[in-house]
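**Q** The structure's right below; bear with me while I get my questions together.
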Amino acid sequence: QVQLVESGGGLVQAGGSLRLSCAASGRTWRDYGLGWFRQAPGKEREFVGYISWGGDYTIYGDSAKGRSTISRDLVKNTVYLQMNSLTPEDTAVYYCAAPRRGAGDSKDYTQYASWGQGTQVTVSS
């Protein structure tokens, strides 16, 4: 089974940036890529972006477009989320997740089977 561990969260000032890491391990996990989600208290879980392990394909949610980059290091088995121009609305727990078989690049969190523990990002005004 795929195992995922997020890191890099913390307190960031508005206008700053974050760089989160997701370390992945497990048999066949490279076949399906990896997604990033976030969830603030009292709000729905929101799609941030997705990257395929087999190519250079990435997609982003509306709130992340234009200021985010998802990348991966195959040697380190790690996926990264870089997000700039942070505002207090970006405060949330950020998760990485592996999709269910056949789900591909779905933006629906119910299509992801394996999740990390999450890392808290707090943006101060």
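The values are calculated or read from the model by the stated rules, or taken from the named source; none is laboratory data. In this text the structure is predicted, and so the values were computed from the model without any measurement. Note: areas computed on protein heavy atoms with side chains; ligands, DNA, RNA excluded. Shrake-Rupley method; radii C 1.70, N 1.55, O 1.52, S 1.80 Å.
**Q** Based on alpha-carbon atoms only, what is the radius of gyration of the chain relative to the globular estimate 2.2 N^0.38 Å?
**A** So the chain has a normalised radius of gyration of 0.98.
**Q** In the chain, what % of DSSP beta bridges are antiparallel (nearest 5)?
**A** Roughly 90 percent of the beta bridges in the chain run antiparallel, per DSSP.
**Q** Keeping the other protein chains in place, figure out the carbon and sulfur percent of the accessible area of the chain, with a 1.4 Å probe.
**A** That fraction is 45 percent.
**Q** I would also like to ask the following. Which value, in Å², gives the accessible area per residue of the chain when a 1.4 Å probe is used on the protein heavy atoms?
**A** Values: 6620 Å² over 125 residues.
Accessible area per residue: 53 Å².
**Q** Additional query: Could you name the lysines in cross-link range of Lys65, using Cα to Cα under 25 Å and dropping any fewer than eight places away on the same chain?
**A** Once the sequence-local lysines are set aside, what remains near Lys65 is Lys43, Lys107.
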